[in-house]
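Undergrad: Please see the structure below; I have some questions.
Please treat every number below as a calculation from the coordinates, not as lab data. None of these values were measured; they are calculated from a predicted model. Methodologically, a virtual Cβ is constructed for each residue, glycine included, from the backbone with ideal geometry; neighbour enumeration extends over all protein chains shown.
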Amino acid sequence: MSDDHTHVQEFFTARAADWDRRFPDDGPAYAAAVAELGLREGGRVLDAGCGTGRALPALRGAVGRSGVVLGADLTPAMLREAARAGRDRDGALLLADVARLPLRSSSLDAVFAAGLIAHLPQPGGNLREIRRVVRPGGTLALFHPVGRAALAARQGRRLTPDDLRAEPNLRALLTGAGWRMTSYVDEDTRFLALAVRDA
């Protein structure tokens, strides 16, 4: 996508009201992906590009009431839908760009990002900014509730070798941004890449 955030906001604003109805069965996949982050009671986690906040209940469950859960999104309409669904009770909602997160450096234990990477205008730089707010040894989960091939079929396109989420491409991108990939799963039912922030 381009650096023009207007395009991203227009795309998601037009879909915000129906988003959860379009994907009603994703809850268990989100919960399973959140479980792989290894969060602990009292942890601090950000859902980057949280959309309607579908991951926030699972993130809250993982860190408990003593933890901190934040959901950041660029599109006000998505955040309104998250609040309408009551997910603001599970995490504080922030209108924010992942290119300039309003958070202190090394302030988080983990970042969860569902469907985000395809919408980043500068993936390398944006992953470096996400790295900035995660403590050394903290984790990143890049998730999608369907795998690359299933998503491409749903969108009527073919997978190509330059696909950003292909394992070698994503590994190189993460490495260049200061992350070390620790796990990569690309199945019909989910896509999940886990990475640890290097010191």
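Undergrad: What's the center-to-center distance, using Cα atoms, between the range 84-160 and the range 169-187 in Å?
TA: 13 Å
Undergrad: Could you grab the relative contact order for the range 1-134? Cα pairs under 8 Å, six or more apart, rounded to a whole percent.
TA: Details: 224 pairs, mean separation 36.4, N = 134.
Over the range 1-134, the number comes to 27 percent.
Undergrad: Please compute the modelled spin-label separation between Ala149 and Arg128, points set 7 Å along Cα→Cβ, answer in nm with one decimal.
TA: Output for this residue pair reads 3.6 nm.
Undergrad: What Kirkwood Rh does the chain have if only Cα atoms enter the pairwise 1/r average? Answer in Å.
TA: Kirkwood hydrodynamic radius for the chain: 16.7 Å.
Undergrad: Note the full-extension length gain between Arg171 and Arg104 as 0.36 nm times their separation in residues minus their Cα-Cα distance, in nm to one decimal. It would help to have the intermediate numbers written out before the result.
TA: Details: separation 67, 0.36 × 67 = 24.12 nm, distance 2.60 nm.
Gain on extension, Arg171 to Arg104, equals 21.5 nm.
Undergrad: Another one. Using a basic spin-label model with each label point 7 Å from the Cα along Cα→Cβ, how many nm lie between Arg15 and Glu36?
TA: 2.1 nm
Undergrad: Would you mind computing, in nm to one decimal, how far apart the modelled labels at Phe23 and Thr6 are, each placed 7 Å from Cα along Cα→Cβ?
TA: About 2.7 nm separates the two model spin labels.
Undergrad: Next up: Around Val134, what is the net charge, scoring Lys/Arg as +1 and Asp/Glu as -1 over all other residues with Cβ under 14 Å from its Cβ? Each step should come with its number before you reach the end.
TA: Details: positive: Arg44, Arg104, Arg128, Arg131, Arg132, Arg135, Arg180, Arg197; negative: Asp47, Asp109, Glu129, Asp198.
Taking every other residue near Val134 into account, the sum is +4.
Undergrad: I've got another one for you. If amide hydrogens are placed 1.01 Å from N in the peptide plane, which non-local residues have theirs closer than 5 Å to the one on Cys50?
TA: Counting only residues 5 or more places away or on other chains, the set is Ala72, Asp73.
Undergrad: Suppose only helical runs count, i.e. DSSP H with n ≥ 4. What mean residue ellipticity at 222 nm does that imply for the chain under -39500 (n - 2.57) per run, divided by all residues and rounded to the nearest 500 deg cm²/dmol?
TA: On the way: 8 runs with 70 residues, N = 199.
So the helix-based figure for the chain works out to -10000 deg cm²/dmol.
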